[in-house]
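Student: Pasting a structure here, questions to come.
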Amino acid sequence: MTSIDLNADLGEGFGRWRLTDDERLLSVVTSANVACGFHAGDPAIMRRVCELAAGRGVTIGAQVSYRDLAGFGRRAMDVPPAELAAEVAYQIGALEVFARAAGTRVAYVKPHGALYNRVVHDEEQAAAVVDGVRLAGGALPVLGLPGSRLLELAAKAGLPAVTEAFADRAYTDRGTLVPRGREGAVITDPEAVVERSVELARSGAVTAHSGTRIEVRARSLCLHGDTPGAVELARRVRERLEAAGVRVEAFA
C-alpha cells in the first residue's frame, strides 16, 4: 500500500498573535513543523504545541529559519555559514527542551521560508544547515525539496534525507517552487489542492505551472497551516487520500 506523511507548519504565532490553528490541525496531520522562535513562535507557544503534539501522537520537527521575525522568515538574507550553523543548532536545541518535557523528542528538521528556498541551490547555506543539524546532536532526518542541495549534502553527511511535496504550490519545470510573488504561485482552489494531493501520493508526479508533467516523488506532503480554511482543507486531503487507498503515517 502507498503511504505518505502529512506535515504542517505549526506554532506560528508570537505573544498574543496567533496565525495557525494548532490544536485542530494536530488532529489531522502526522508531523508538526514547529516554529522555533526565529520566524515565529516563542517559548510558551513552543511548549504548548509540543504538549499537544505529544498528546495526539504527532511527530515533532524543528522548523528552523533565518532570524527574521518581522519578515516571517521570508526575506532573503546572507548569513555567514558558521553563524547559520550555530543558529540552526540553537533552534533545534530550544525545541528539544520542550519536546522532552512533553515526553517526546524532536524527530526531524525542516527549513522555513527563504532558508528553505535558498538551500535548494546554495551549497554553502545548505552545508551550514547540515552542520547545524549535526551540531545539535544525533542523526536527525532532514525534510526538503527533491533534488535540492540540502538533501544531497544531508545524505552525504549520514543524515536521512526525506523528500516532500506541496499540493498548494505551483511548480516550475525544474521541480522547484514558483516564487510566491508570481501570479498562480499559490493554488487556492480547495478541490484542486485535494486532487493534487492524491496525484502526488499515488503517481509521484504533478502538472507544473507551464502545463508540463513533472516527477515529484515525496515521502511527505506539506499542508500550509496559515491559509484560509486550512483545517477543513487538511481534513479533506486526508479523507481523500485514505479513500484512495493511501496510508497516512509519519515518516519519523
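The values are calculated or read from the model by the stated rules, or taken from the named source; none is laboratory data. Predicted model, so just to flag it, every value in this text is computed and none were measured. Virtual Cβ from ideal backbone geometry, glycine too; neighbours counted across all protein chains shown. Surface accessibility is based on the protein's heavy atoms, side chains included, excluding ligands, DNA and RNA. Shrake-Rupley method; radii C 1.70, N 1.55, O 1.52, S 1.80 Å.
Student: What does the helix-only formula give at 222 nm for the chain: each DSSP H stretch with n ≥ 4 adding -39500 (n - 2.57), the total divided by the residues, and the result rounded to the nearest 500 deg cm²/dmol?
Tutor: Numbers: 8 runs with 94 residues, N = 252.
The helix contribution divided over the chain gives -11500 deg cm²/dmol.
Student: Find the relative contact order for the range 69-145 and round it to a whole percent, using C-alpha pairs within less than 8 Å whose residues are 6+ positions apart.
Tutor: 44
Student: How big is the range 123-166 on each of its three principal axes, counting only the C-alpha atoms and giving the largest first in Å?
Tutor: 28, 20, 16
Student: State the percentage of accessible surface on the chain attributable to carbon and sulfur atoms; use a 1.4 Å probe and exclude ligands, DNA and RNA. Write down the numbers at each step before the final one.
Tutor: Details: 5360 of 10800 Å².
With neighbouring chains kept in place, the figure for the chain is 50 percent.
Student: Based on DSSP loop calls and a cut-off of at most 13 other Cβ atoms within 10 Å, the longest stretch of the chain free of exposed GluC sites (Glu not before Pro) is what?
Tutor: Working: sites that count: E183, E249.
Of all site-free stretches, the longest is 1-182.
Student: Counting only heavy atoms of protein chains, what accessible area per residue, in Å², does the chain have with a probe of 1.4 Å?
Tutor: 43
Student: Taking the Cα atoms of the range 90-208, what is the range of coordinates along each of the three principal axes, in descending order and whole Å?
Tutor: Computed over the Cα atoms, the extents are 39, 34, 28 Å.
Student: Right, another one. Which percentage, to the nearest 5, of the DSSP beta bridges contained in the range 88-231 is antiparallel?
Tutor: In the range 88-231, DSSP labels about 40 percent of beta bridges as antiparallel.
Student: Return the long-range amide H neighbours of L10 (sequence gap of 5 or more, or a different chain), with a cut-off of under 5 Å between placed amide H atoms.
Tutor: Residues meeting the criterion, in which the H sits 1.01 Å from N, are N33, V34, A35.
Student: Follow-up question, since we're still on this one. If you take the square roots of the eigenvalues of the alpha-carbon gyration tensor of the chain and sort them as a ≥ b ≥ c, do you get rounded (a/c under 1.5), prolate (a/b over b/c) or oblate?
Tutor: It comes out rounded by the Cα gyration axes.
Student: What is the distance in Å between the Cα centroid of the range 1-48 and that of the range 215-252?
Tutor: Between the Cα centres of the range 1-48 and the range 215-252 lies a distance of 15 Å.
Student: Here is a further query. Tell me whether the range 161-226 comes out rounded, prolate or oblate; compute the Cα gyration tensor, take square roots of the eigenvalues as a ≥ b ≥ c, and use a/c under 1.5 as the rounded threshold.
Tutor: Rounded, since a/c falls under 1.5.
Student: A further question follows. Could you tell me which of rounded, prolate or oblate describes the range 78-140, using a ≥ b ≥ c as the square roots of the eigenvalues of the alpha-carbon gyration tensor, with rounded for a/c under 1.5 and, failing that, prolate when a/b is larger than b/c and oblate otherwise?
Tutor: Since a/c reaches 1.5 and a/b is larger than b/c, the shape of the range 78-140 is classed as prolate.
Student: What full-extension length gain, to one decimal in nm, is calculated for W17 and A70 as 0.36 nm per residue of separation minus the Cα-Cα distance?
Tutor: Result for the pair: 17.8 nm of gain on full extension.
Student: To continue, here is another question. Explain nothing, just the number: dipole magnitude of the chain about its Cα centre with +1 on each Lys and Arg Cβ and -1 on each Asp and Glu Cβ, in debye rounded to the nearest 20.
Tutor: That gives a dipole near 300 debye.
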